[in-house]
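First up is the structure itself, then whatever we jot down about it.
What follows is calculated from the coordinates using simple rules that are stated; it is not laboratory data. This one's a predicted model, so the numbers in the text were calculated from it and none came from an experiment. When we count neighbours, we look across all protein chains shown, and the Cβ atoms used for this are built from the backbone with ideal geometry, even at glycine.
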There are 2 protein chains.
Amino acid sequence: MNNDRRFGLKRHITLPGELALDGGSLLTGIEIAYETYGHLNADASNAILICHPLTADQFAASDHPITGKPGWWSRMIGKGKPIDPERYCIICSNVLGSCLGSTGPSSFMPGTETPYAMNFPVITIRDMVRAQAKLLDYLGIRQLKAVIGGSMGGMQALEWASTYPDRVKSVVIIASTARHSAQNIAFHEVGRQAIMADPKWRQGNYYEEKDPPVAGLAVARMAAHITYLSESGLTARFGRRLQSRQEKSFGFDADFQIESYLRHQGIRFVERFDANSYLYITRATDYFDLAEEHGGKLANAFRGTKSRFCVISFDSDWLYPTSESRVIVHALNAAGAAVSFMELSNPNGHDSFLLDAPDLHRTVHGFLEGDRA
Amino acid sequence: MNNDRRFGLKRHITLPGELALDGGSLLTGIEIAYETYGHLNADASNAILICHPLTADQFAASDHPITGKPGWWSRMIGKGKPIDPERYCIICSNVLGSCLGSTGPSSFMPGTETPYAMNFPVITIRDMVRAQAKLLDYLGIRQLKAVIGGSMGGMQALEWASTYPDRVKSVVIIASTARHSAQNIAFHEVGRQAIMADPKWRQGNYYEEKDPPVAGLAVARMAAHITYLSESGLTARFGRRLQSRQEKSFGFDADFQIESYLRHQGIRFVERFDANSYLYITRATDYFDLAEEHGGKLANAFRGTKSRFCVISFDSDWLYPTSESRVIVHALNAAGAAVSFMELSNPNGHDSFLLDAPDLHRTVHGFLEGDRA
């Protein structure tokens, strides 16, 4: 599936050697698809790694090859924007387990033309980061000027700081958490069950039939999408407003605008995302618990770090609320790290970091500038 | 389906005449299944109507005929409890559209042996209440000492106060709202889409095959169930604790206790509930907007009321948060109604009203006692 370059990928490598995964297995022939913006300077000191959220991809600041839409973070990355390709070499790679060119369940197993499907090993956030580190090795980048991520991207940024402390000068963690809560896991589990309940899922073996479990995946997306928005944001944007009809239909069509919007989100999503990848990547986030990897004490994850940290939360984010960011900040303080923390006010819930958020953009810009002193 | 009395119903009537529904159609031959606890006194002045929440039923204080579990409000109703059958005649009827004996989509259309399925008309909360009023007519109860309901039961209690102000002396509204918000609708829409995405739903015509869309209905229940619990309650009860295994499985079994719990909720639910009823009843709650029925002004719903009101919310309820109760209280104040309002502290989210909540029980008891003065 991915191997046929159908996405018109600009950049794509096969990692040399093998990758030992947290789950105990070895992956070989790992392909990583990535995009870059800007140029690496002579001493390779201007590289910034962007870690993408759950269902995003490497097209952070370039048009998406399937949807044709602008990059998911094109508000943040671009000329004259906080992360400027005229100054930085910006790298964004599709995470291991995903479906936009990097190895995942829809990829062929090495030496075969059979997709992994559910034979793909369960991976962790740390496994994703290890693959990214190998990509940087290949690109000749020893140390990142910064690693920056929102949501699941923030989890990767935390893992970078913990696993490769000498390779990250600065770390920006936005709308994220150091561990998935019971409620976070619960929402993901609903999504996974929706996919697995779809008979077209076929225990994951739907690739040959080219008839994927789009209905289940759409329901999973709809459930998740509610958690990305705030109650007040939904009320402001949709409230109880009806669709074009002025009257309720007394039927089961999408009467309310919010219904139509959610259905649309589900339908659009299945065009660009693989159901099995959704299973694996949600599992990776549910498994994420940085403290657990360090003897149950989050501060241990950052002992001796020389990185600078910037932690940002949004007041209307109920998926990873400010309290989760505070846990990270307290641990960083306990580890003696240099950390700045900001809770930003924004009505758009968890998705604030992807939307028009001038104070987020100012904060990230200021933090990156602060490193030049 | 319902007509065969398979539930061993104690009480069951066919309403005389027809019922004109808000959606414009007429229903005839409506059956209402109900339970009573205690005896009606000579002047029929001690009747209390209990309105049940979304997926509950008439078995408020008696064992459930399918699950064998104690009544869903047996903490509230019983000898020596706040609503005491030694003093009151307590009535609880299965709502119109449901599946425990009252007419709903699984019922045969009058004069046929064909279930309504999706030919059942879309009903409203007010339609449910109109059917209850006809039941009370049959029972010879002109005026209720009290109508009491939590969640969707609270919506019915509000409709009672608005539609039949002379028939309710006291109204108790617990953990409820006067209108469904965009987020409320969104969660219900996910559930409906999960059911309709299940190929076994067959456009609602699954009764003959006796092979209902249990997978979709279970996913719907799982998504809804998350909204019934608080984040902190989930963390306290489950956190990230693993199932019996001490290690993560690096697979897709239920590793975390919260996953196993949610799956269990889904599986148990489909044994006792009809998928089409779930569609219709969630639709009724989404349509509910008491202000809209009264020219857009909620206070108009209560103009001239002589009923006493008690409004109760829980601080950890994020489905119908305290702010929704305040909207009701403000409207009641604006209408000059006698109203007492209490926000109770309880870690169990929306479901608090069904669980061990001594201060809820005290409040309801005190409010009912207050009427005797």
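From a point 7 Å beyond the Cα of A:THR114 in the direction of its Cβ, which residues of the range A:196-212 have a backbone N at a distance under 18 Å? The answer is A:202-210.
A point 7 Å from Cα along Cα→Cβ stands in for B:ARG87, and the other copies hold the same point at 7.3 nm, listed in rising order. In the distance distribution for the range B:184-282, Cα-Cα pairs more than 20 Å apart total 44 percent.
Rounded to the nearest 5, the antiparallel percentage of DSSP beta bridges internal to the protein assembly as shown is 35%.
For q values of 0.08, 0.10, 0.13 Å⁻¹, compute log₁₀ I(q)/I(0) with the Debye formula on a Cα-only model of chain B, without solvent. Computed log10 I(q)/I(0) values: -0.39, -0.61, -1.06. A label point on B:ILE13, set 7 Å along the Cα-to-Cβ line, lies at 7.9 nm from each of its counterparts in the other copies, closest listed first.
I want the antiparallel fraction of DSSP beta bridges within the range A:1-160, as a percent rounded to 5. In the range A:1-160, approximately 55 percent of DSSP beta bridges are antiparallel ones. Among A:MET118, B:MET155, a tally of other beta-carbon atoms within 10 Å of each Cβ gives an order, fewest to most, of A:MET118, B:MET155.
About the centre of its Cα atoms, the range B:184-282 shows a dipole size close to 280 debye [charges on the beta carbon of Lys, Arg (+1) and Asp, Glu (-1) only; nearest 20 debye]. Taking other Cβ atoms within 10 Å as a rough exposure proxy, A:LEU242, B:LEU234, B:LEU21 sort from fewest to most as A:LEU242, B:LEU21, B:LEU234. When the charge dipole of the protein assembly as shown is built from unit charges on Cβ atoms (+1 for Lys and Arg, -1 for Asp and Glu) and taken about the Cα centre, the candidate among B:SER98, A:PHE269, A:ASN41 whose Cα reaches farthest toward its positive end is A:ASN41. Taking other residues whose beta carbon is less than 13 angstrom from the beta carbon of A:ALA131, and scoring Lys, Arg as +1 and Asp, Glu as -1, yields -3. From least to most packed, judged by other beta carbons within 10 angstrom and beginning with the fewest, B:TRP318, B:TRP73, A:TRP72 follow the order B:TRP318, A:TRP72, B:TRP73. List the lysines whose alpha-carbon lies under 17 Å from that of A:LYS69, not counting same-chain residues fewer than 8 positions away? By straight Cα distance, A:LYS69 reaches A:LYS10. For the range A:43-50, the Karplus equation 6.51 cos²θ - 1.76 cosθ + 1.60, evaluated at θ = phi - 60°, returns couplings of 9, 6, 10, 10, 8, 10, 9, 9 Hz by residue, with Gly and Pro reported as x. Here's how it looks for A:ALA338: its modeled amide H is under 5 Å from those of A:PHE309, which are all 5 or more places away or on a different chain. When B:ALA236 is represented by a point 7 angstrom out along its Cα-to-C-beta vector, the spacings to that point in the other copies are 3.2 nm, nearest first. Extension gain for A:LYS79 to A:ASN205 (0.36 nm times residue separation, less C-alpha to C-alpha distance): 41.0 nm.
Modelled this way, with points 7 Å down the Cα-to-C-beta line, the labels at A:GLU86 and A:THR67 are 2.9 nm from one another. In terms of distances greater than 31 angstrom between alpha carbons, the cross-link table entries A:LYS79/A:LYS210; B:LYS169/B:LYS297; B:LYS134/B:LYS200 yield A:LYS79/A:LYS210; B:LYS134/B:LYS200. Positive-end ranking of A:TYR228, A:TRP201, A:GLY216 along the dipole of the range A:184-282, with charges on Cβ about the Cα centre, is headed by A:TYR228.
Over chain A, Cα pairs under 8 Å with separation of 6+ residues give a relative contact order of 17 percent. Once Rg and the Kirkwood radius are both taken over the C-alpha atoms of the range B:233-356, their ratio Rg/Rh works out to 1.12.
Considering only beta bridges that DSSP places wholly inside chain A, some 35 percent are antiparallel.
Rg and Dmax over the alpha-carbon atoms of the range B:1-149 stand at 15.1, 46 Å. Springs join every pair of Cα atoms under 10 Å in this Gaussian network model of chain A, and among A:GLU209, A:GLU293, A:GLU259 the largest mean-square fluctuation is at A:GLU209. Taking B:ALA131, B:ALA338, B:ALA178 in turn, the Gaussian network model of chain B (Cα-Cα springs below 10 Å) assigns the largest fluctuation to B:ALA338.
Here the Karplus curve 6.51 cos²θ - 1.76 cosθ + 1.60, taken at θ = phi - 60°, turns the phi angles of the range A:144-153 into couplings of 8, 4, 7, 10, 9, x, x, 6, 4, x Hz, with x standing for Gly and Pro. Between A:THR282, A:THR112, A:THR227, the Gaussian network model of chain A with springs among Cα atoms under 10 angstrom shows the greatest mean-square fluctuation at A:THR112.
When the P(r) of the protein assembly as shown is calculated, the portion above 39 Å amounts to 40% of the C-alpha pairs. Our estimate of slack between A:GLN265 and A:ALA338, defined as 0.36 nm per intervening residue step minus the Cα-Cα distance, is 22.3 nm. Rounded to the nearest 500, the helix-only mean residue ellipticity at 222 nm of chain A stands at -10500 deg cm²/dmol, with each DSSP H run of n ≥ 4 adding -39,500 (n - 2.57).
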